[in-house]
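Trainee: Following this message is one structure expressed as structure tokens.
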């Protein structure tokens, strides 16, 4: 199940074509107008009205819930990530490429893309910046309602203002509102992705360790009220890249961690019967959910025990 390109399709879909590369901008360092995104070494000049987000790495406009600027760091080679997306894959997600430009940013190869997408009956546009090297890739995704022409120009200008400082010592977990102690299960931190973290035995994604253990955590962006929480946990399995065995209602185990109630379930990958999965969802009173998904080889009791041990260390900050 845990394929890098599939994981990225869930987080931020894009595609590319061919064009000549040029420098993204002429900034040698951040200006007074730049703002450092917390937990990163990346600075940008956000559009008017946008402020640092408390829900993700990036910026939001408190008056406009349909727009955002979100940074995602992926512990994978740039060439592998951009090579895993095709026009056909994008079309299956209702995404249309409008413009593409190869760019250079601080010596890194990159892409600047304009994309249209329909979602939930609304039409959105995106400017997307992707850059990286053989060890890590950074994606900065901007989203806004398609008809917002002026905002679209401001989003593009924001991306084009991107500057990073390799001398800045960034704590990638700083902007998350929860913690986990991966050492309790003999795991290593891989990266922060979106509103969560990824762990494995060797700190690599995908892992090279023979037991294939990985733990993926996340927090929902929207604080929506969830009625039937048990059914939501089952339905959530349908959103993974590979088909998963759907457990019965009675097979969900109630859990309570850091004062939050939720449910734990175990299942298998129908495409890979040797791969098992543990899913734990916790539901805050204000809405939304925290999610922790552990992947391990079937019948490996130590791996399952280690994953459960790490999940039990979940704790909200503040």
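Read-outs: derived from the displayed coordinates by stated rules, not from any lab. Computed from a prediction, not measured in an experiment: that's the story for all the values here. Cβ atoms come from the backbone with ideal geometry, glycine included; neighbour counts cover every protein chain shown.
Trainee: How far apart, in nanometres, would the label points at residue 225 and residue 165 be if each is projected 7 angstrom from Cα along the Cα-to-Cβ direction?
Mentor: 4.6
Trainee: Run the quick spin-label model on residue 120 and residue 300: label points 7 Å from Cα toward the beta carbon, then report their separation in nm to one decimal.
Mentor: 3.6
Trainee: Further question on the same structure: For the chain, what does the helix formula give at 222 nm: sum of -39500 (n - 2.57) over DSSP H segments with n ≥ 4, over the residue count, nearest 500 deg cm²/dmol?
Mentor: Only helices count here, giving -4500 deg cm²/dmol.
Trainee: Listed highest first by mean packing, meaning other Cβ atoms within 10 Å per residue, what order do 255-261, 308-314 come in?
Mentor: 308-314, 255-261
Trainee: Any chance you could give the angle, 0 to 90 degrees and rounded to 10, that helix 301-311 forms with the longest Cα principal axis of the chain?
Mentor: Helix 301-311 and the main axis of the chain meet at about 60 degrees.
Trainee: Here's something else I'd like to know. Taking just the alpha carbons, could you work out the radius of gyration and Dmax for region 178-316, both in angstroms?
Mentor: Values for region 178-316 (Cα only, Rg and Dmax): 14.2, 40 Å.
Trainee: If you don't mind, there's one more thing I want to ask. Could you calculate the FRET efficiency of residue 80 with residue 153 from 1/(1 + (r/R0)^6), where r is the beta carbon distance between them and R0 is 45 Å, rounded to 0.05?
Mentor: Calculated transfer efficiency: 0.90.
Trainee: While we're here: Roughly speaking, what is the stretch gain from residue 274 to residue 134, that is 0.36 nm per residue apart minus the C-alpha to C-alpha distance, in nm to one decimal?
Mentor: The span from residue 274 to residue 134 would gain 47.4 nm if fully extended.
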